[in-house]
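Here's the structure we're looking at; comments come further down.
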Amino acid sequence: MAELLTSAQNPKFKRLVALREKSRLRRDEGVFVVEGRRELEHCVEAGFEVETVFVCPEIADSAAGATPPSGVRPSDSPHHPSGAVPPLPCRGCYVPQGEYPRSLGPKTFELSKELYAKVAYREGTEGVMAIVKSRELRLDELQLGDKPLVMVLEGVEKPGNLGAVLRSADAAGADAVIVCDPLTDLWNPNLIRASIGAVFTVPTVCCSSAEAIAWLKARGIRILTAQLQDSSVYYDADMTGPTAIVMGTEATGLTDPWRQAADAHVLIPMLGRLDSLNVSVSAAILLYEAVRQRQ
């Protein structure tokens, strides 16, 4: 039976809170926090190693589904073979209290509902969160298709924006996201939340702009920079071949090395009184233009 944590002063709980809030601690310990069943499922599917799981049985049982009819056992679910307990409850399956600790690994702790409310980053996360070991992907580990589509972001500082871009990259089937000179940590809980787990489904690399430019050039990937100066409208740019779409911050745009390395400059027409879109919205527009052209 898993240990029940009820005090906010418990060292295990205090470490969970600290890891959620402090990027330096996450970096020093080589771990990060994942909140939510969907996000944790994507994390495990991507091969990340889960260190510790925290479950609020009251919330988790409710999220797993209603009590089954008399005589029906969890192993009778059509979603998994008889006798097997899924690593996380699939929608429509009943998973009774007590199955979570047995199915989620050796280090599982239960949290009271009050304690879970103190650490939960958002509502609707099915009463599950975990501490996961970090794993950094390198540029030379990226596996690309014949006509890769790569999203590049320089100097992004808002984790919510980066998370939203990752979500769009997943939806558009991008081969990779490269984050250059980031001002936010890739494992920020808000980033993971905003991406709804896309940070695990889209290969994502952090590196310097110089490294990214050299890598793209060596592979013959056309660089399209989103900028207002010396640009053509985005739908006139050819995105049918190997393409990298590069965007900077909303405040300052891209640095000179990217502008000079670009094969073409593109812009999104602005017809209103403001002169900029949110970076995640702009990224989605450009990614889906590539999808449109390729289809």
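The values are calculated or read from the model by the stated rules, or taken from the named source; none is laboratory data. As the structure is a prediction and not an experimental result, all values here were calculated from the model. We place every Cβ from the backbone using ideal geometry, glycine too, and count neighbours over all the protein chains shown.
So, in segment 94-116, how many residues would count as being hydrophobic (A, V, I, L, M, F, W, C) and at pLDDT 90 or above? I'd like the intermediate steps shown before the answer.
The first filter runs over segment 94-116 and keeps only residues hydrophobic (A, V, I, L, M, F, W, C), leaving 95, 104, 109, 111, 115.
Subsequent filtering for residues that are at pLDDT 90 or above retains 109, 111, 115.
Number of matching residues: 3.
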With the condition kept exactly as written, say whether any residue in segment 174-188 is within 9 Å of the chain's Cα centre (by Cα) and either touching a residue at least 12 places away in the same chain (Cβ under 8 Å) or surrounded by fewer than 22 Cβ atoms within 10 Å (Cβ to Cβ) (or both).
yes
Residue under evaluation ARG37, criteria (1) at pLDDT 90 or above; (2) under 21 Å from THR201 (Cα atoms), criterion not met
(1)
Here is a check on your reading of the model: is ALA212 more than 24 Å from ASP140 (Cα to Cα) and buried (at least 23 other Cβ atoms within 10 Å of the Cβ)?
no
Lone unmet requirement of (1) of a type in the set (Gly, Ala, Ser); (2) at pLDDT 90 or above; (3) touching a Ser or Thr at 6+ places or on another chain (Cβ under 7 Å) for SER82:
(2)
Residue among VAL156, VAL128, VAL165 that alone is buried (at least 21 other Cβ atoms within 10 Å of the Cβ) and at pLDDT 95 or above
VAL165
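Of everything in segment 131-153 that's assigned to a loop (DSSP other than H, G, I, E, B) and either in contact with a strand residue (DSSP E or B) (Cβ under 6 Å, 6 or more places away or on another chain) or of a type in the set (S, T, N, Q) (or both), which residue is surrounded by the most Cβ atoms within 10 Å (Cβ to Cβ)?
Result: LEU142.
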Pick from segment 23-53, criterion surrounded by fewer than 19 Cβ atoms within 10 Å (Cβ to Cβ) and basic (Lys, Arg), ranking: nearest to VAL199 (Cα to Cα)
ARG38
Which pairs turn up if I take residues in segment 1-22 that are part of a strand (DSSP E or B) and look for partners that are surrounded by 16 or more Cβ atoms within 10 Å (Cβ to Cβ) and of a type in the set (Asp, Glu) with beta carbon separation below 6 Å, at least 6 apart in sequence or on another chain?
LEU4/GLU110
